Amino acid sequence: MLNRKAMIKLGSIVFIIGIFIFIYFNSPIKSYKNSPIADGTFIQLDLAQNWDDSKWKSELQYLKQNKMHFLIITGVSFSSGSETKSVYNSTIPGFTKIYGQTDPIELCLKNAEELGIKVFVDTYFNSDWWQKSGDDPEWLYGQMQKINQVSDELYVKYHSKYPKAFYGWYFPYEVDNAKFANTNQFAVLSNALNINLRHLKDKNERLPILLSPFMNSSCSTPKEYADNWSYLFAHTDLTKGDIFCVQDSVGSGRISIDESNSWFTALKKAVDTKPGLSFWANVETFDYVNNSTAPLNRFIKQLKLVSPCVDNIVCFSYSHYYSPNNINNGFQNAYYKYVKNGVLPSNKPDKPQNLTVETINKNEFALSWIEPKNTKNICGYNVYRNGTLIFSTISQRKYGGDLKGLYMSYTDRPLLESSITSYSYEVKSFDFSGNLSDASNSIKVSTNPDKPLAKLLSTNCTYTTFPAPDYTYGDTNSKKLTDGIYSSINSNKDKSFVGWYNDPIDITIDLGKITDTQQFAVNYLREPIPWVQLPSKASIAVSSDGINFQPVGLLRIPTIPFSERSGSKYKIYLTLDKTIPARFIRLSSFTTPFTYTFIDEFEVRSN
């Protein structure tokens, strides 16, 4: 029989083992090993502008059901131009209440207090931020004073009433490595952040603060970005309990999903230089290509890629893209099964029926299909051309989605290489987890590819441009577009390209004499991460005197495959049925708003 001392020792060992088992099986670290989950979500308050108490309660219950403990609300007050708006009744001069008499902050905090959810509260945001550089301290420091003013009002108004729910502050300005690219700019940012942190401390309003920057892989290396953040951490009053919560930038397309882990690995090293600072990931639940919800299998992959590097994960945004309050409850049902079981449902959905393809113009094809008889778990449809995903339609959000809902048709205008004379199309269904069905019937169509005519007329010809190219991507000698030198890489960093931002473009080539012309070709770059896109439309006009121009036709802008996320070049032709005499050739190219247009060659040809 064991003596009393041995029994006490054995009991202690059993107790320690029990505690370890309890901690292990309830630890977020354990859950992140194989089946990481999101521990919270952002909500932009415009989504909730019409929510009443019951809607807020149901939303937070969905989050609670999925084991979420944190909520970050944004859009509390903001300026755009000369107007400043707030979602609550503010006494600050110049603030105008929006969303009627509803106070979404009150409703959120009230229900969060009851359900044990911790809320980070946004303060004030000026939309001019997106137009400012990182070298404008006077503007940025002024915004910190406005944040401090709003913080004081929010703290007095809500914190004592909801002390458990009002957990922290959200820093509203999202930093990136394009705007803030060097130590001097991060010094400005450090000073700005300290204006806010020191004010909160002096006013006894200092709660944990959450920052959520993002990154663009075309603007720096992970190490360069991490080194800049290390500088900021060393020069700010961030302290234990504060949170560096980096957007994974996958949904916005600024980095590819396969780059995610390398960026978070580098940024973790920066966070480790600041004792007590927590490192979280903000995983994006959307797809920038069509502003749609990401299927859950992509979301889970994102969680798994960042989880080894971080202390916790939240997302942007479960409420906007997965919640039954804003989209089909199939996402909630599938994700909840993942939360409980560690795996997503994997049953294959039924395939679409009766795909048809009609040729409606030269090399333009109208596709349509019929939904399967069993649509219970159908979330959307993928269209494939020769096995490449060219179009995806998915269940739409009530607020922020496409009112047309799921598409059952698609019109394709492929870019035609000279060697391609036919294409095959097929369609697959997919469910909320992202599981694909078998393919529909396949349809083959014939194409008429564009081929360059034999005689190049424009080599080294002079030309004019209006407006002038962006100074960063200029054309000093007005020779790049006719010198016959094509870019060696599909990137705006290649010096062969000339670039313009946002404005319509006119490029007029002078052939030197009146010549028979028949074909016009423009070589465009598309690179989505730095926002380089094909034009919305482009036309050609010709003239004998450089004054009176005759339109001769439109360039055929092709559709971009949905799966194409990296840089690529598109040589787009206009070939006339017969020659037309001209000396001056004008391209009018209309840039998609808030994007760049890049061209490396503009050719004029004939037989």
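The values are calculated or read from the model by the stated rules, or taken from the named source; none is laboratory data. Here the structure is a predicted model, which is why all the values come from computation and not from measurement. FYI the Cβ positions are ideal-geometry reconstructions off the backbone, even for glycines, and counts take in every protein chain you see.
Just give me the residues in the stretch 130-151 being among the aromatic types (Phe, Trp, Tyr) and either at pLDDT below 95 or more than 19 Å from Phe78 (Cα to Cα) (or both), in sequence order. It would help to see each step written out before you state the result.
Applying the first criterion (among the aromatic types (Phe, Trp, Tyr)) to the stretch 130-151 yields 130, 139, 141.
Correct list: Trp130 only.
For the stretch 397-405, indicate whether the set of residues that are among the aromatic types (Phe, Trp, Tyr) and surrounded by 21 or more Cβ atoms within 10 Å (Cβ to Cβ) is non-empty. Break it down stepwise before answering.
Just the residues of the stretch 397-405 that are among the aromatic types (Phe, Trp, Tyr), to begin with: 399.
Filter once more, keeping what is surrounded by 21 or more Cβ atoms within 10 Å (Cβ to Cβ): none.
No.
Just wondering, is there one or more residues in the stretch 596-605 that are in contact (Cβ under 8 Å) with a residue 12 or more places away in the chain, exposed (fewer than 15 other Cβ atoms within 10 Å of the Cβ) and either touching a strand residue (DSSP E or B) at 6+ places or on another chain (Cβ under 9 Å) or of a type outside the set (S, T, N, Q) (or both)? Break it down into steps so the answer makes sense when it comes.
Looking only at the stretch 596-605, we keep the residues that are in contact (Cβ under 8 Å) with a residue 12 or more places away in the chain, and these are 596-605.
If we keep only those that are exposed (fewer than 15 other Cβ atoms within 10 Å of the Cβ) as well, we get none.
No, the stretch 596-605 has no match at all.
Go through the residues of the stretch 494-514 one by one and say whether even a single one is acidic (Asp, Glu), farther than 30 Å from Asn216 by Cα, modelled with pLDDT of 95 or more and more than 31 Å from the chain's Cα centre (by Cα).
yes
Which one is surrounded by the fewest Cβ atoms within 10 Å (Cβ to Cβ) among residues in the stretch 266-282 that are touching a helix residue (DSSP H, G or I) at 6+ places or on another chain (Cβ under 6 Å) and closer than 21 Å to Ala178 by Cβ?
Among those that are touching a helix residue (DSSP H, G or I) at 6+ places or on another chain (Cβ under 6 Å) and closer than 21 Å to Ala178 by Cβ, it is Ala266.
Going through Gln533, Gln519, Gln550 one at a time, which residue ends up being under 28 Å from Asn291 (Cβ atoms) and either buried (at least 19 other Cβ atoms within 10 Å of the Cβ) or free of Cβ contacts under 8 Å to residues at least 40 places away in the same chain (or both)?
Values: Gln519 fails: under 28 Å from Asn291 (Cβ atoms); Gln550 fails: under 28 Å from Asn291 (Cβ atoms).
Exactly one of Gln533, Gln519, Gln550 is under 28 Å from Asn291 (Cβ atoms) and either buried (at least 19 other Cβ atoms within 10 Å of the Cβ) or free of Cβ contacts under 8 Å to residues at least 40 places away in the same chain (or both), namely Gln533.
If you go through the stretch 374-381 one residue at a time, do you hit one that is among the charged types (D, E, K, R), farther than 24 Å from Ser563 by Cβ and surrounded by 14 or more Cβ atoms within 10 Å (Cβ to Cβ)? Please lay out each step first, then the result.
So in the stretch 374-381, the residues among the charged types (D, E, K, R) come out as 376.
Applying the additional criterion that residues be farther than 24 Å from Ser563 by Cβ yields 376.
With surrounded by 14 or more Cβ atoms within 10 Å (Cβ to Cβ) added as a condition, the list becomes none.
No: the stretch 374-381 contains no residue that is among the charged types (D, E, K, R), farther than 24 Å from Ser563 by Cβ and surrounded by 14 or more Cβ atoms within 10 Å (Cβ to Cβ).
Within the group Asn111, Asn66, which residue is crowded, with 17+ Cβ neighbours inside 10 Å, of a type in the set (S, T, N, Q) and closer than 17 Å to Lys161 by Cβ? Don't jump to the end; show me each part of the working.
On the way: Asn66 fails: closer than 17 Å to Lys161 by Cβ.
Within the list Asn111, Asn66, the selection yields Asn111.
Mind checking which residues of the stretch 239-257 are within 30 Å of Phe562 (Cα to Cα) and touching a residue at least 40 places away in the same chain (Cβ under 8 Å)? Break it down into steps so the answer makes sense when it comes.
Of the residues in the stretch 239-257, the ones within 30 Å of Phe562 (Cα to Cα) are 245-257.
Matches in the stretch 239-257: Cys245, Gln247, Asp248, Val250, Gly251, Gly253, Arg254, Ile255, Ser256, Ile257.
Return yes or no: is Leu140 in the same structural domain as Phe233 (by TED's automatic domain parsing), more than 22 Å from Ile43 (Cα to Cα) and touching a helix residue (DSSP H, G or I) at 6+ places or on another chain (Cβ under 7 Å)? Reasoning before the result, please.
Values: in the same structural domain as Phe233 (by TED's automatic domain parsing): yes; more than 22 Å from Ile43 (Cα to Cα): yes; touching a helix residue (DSSP H, G or I) at 6+ places or on another chain (Cβ under 7 Å): yes.
Spelling it out, Leu140 is indeed in the same structural domain as Phe233 (by TED's automatic domain parsing), more than 22 Å from Ile43 (Cα to Cα) and touching a helix residue (DSSP H, G or I) at 6+ places or on another chain (Cβ under 7 Å).
If a residue counts only when it is under 30 Å from Met215 (Cα atoms), which strands (runs of 3 or more DSSP E) contained entirely in the stretch 526-607 have at least 2 such residues? Before you say what the answer is, go through the steps one by one.
Details: elements: 537-543, 550-554, 568-590, 596-606.
By residue number, 568-590, 596-606.
Please indicate, with yes or no, whether at least one residue in the stretch 338-358 is over 30 Å from the mean Cα position of the chain (by Cα), surrounded by 15 or more Cβ atoms within 10 Å (Cβ to Cβ) and either assigned to a strand (DSSP E or B) or basic (Lys, Arg) (or both).
Within the stretch 338-358, the subset over 30 Å from the mean Cα position of the chain (by Cα) is 350, 353-358.
Add one more test, that the residue is surrounded by 15 or more Cβ atoms within 10 Å (Cβ to Cβ), and what stays is 350, 355, 357.
Restricting the remaining residues to those that are either assigned to a strand (DSSP E or B) or basic (Lys, Arg) (or both) gives 355, 357.
Looking through the stretch 338-358, at least one residue is over 30 Å from the mean Cα position of the chain (by Cα), surrounded by 15 or more Cβ atoms within 10 Å (Cβ to Cβ) and either assigned to a strand (DSSP E or B) or basic (Lys, Arg) (or both).
Given the residues Tyr407, Tyr463, which is the only one that is in contact with a helix residue (DSSP H, G or I) (Cβ under 7 Å, 6 or more places away or on another chain) and aromatic (Phe, Trp, Tyr)? Walk me through how you get there before you give the answer.
Details: Tyr407 fails: in contact with a helix residue (DSSP H, G or I) (Cβ under 7 Å, 6 or more places away or on another chain).
Just one listed residue meets the conditions, Tyr463.
Listed residues Asp242, Asp202, Asp258; which is among the charged types (D, E, K, R) and at pLDDT below 95?
Numbers: Asp242 fails: at pLDDT below 95; Asp202 fails: at pLDDT below 95.
Just a single option satisfies the conditions, and that option is Asp258.
Within the stretch 445-502, which residues are loosely packed, with under 14 Cβ neighbours inside 10 Å and assigned to a helix (DSSP H, G or I)?
Across the stretch 445-502, the qualifying residues are Tyr471, Thr472.
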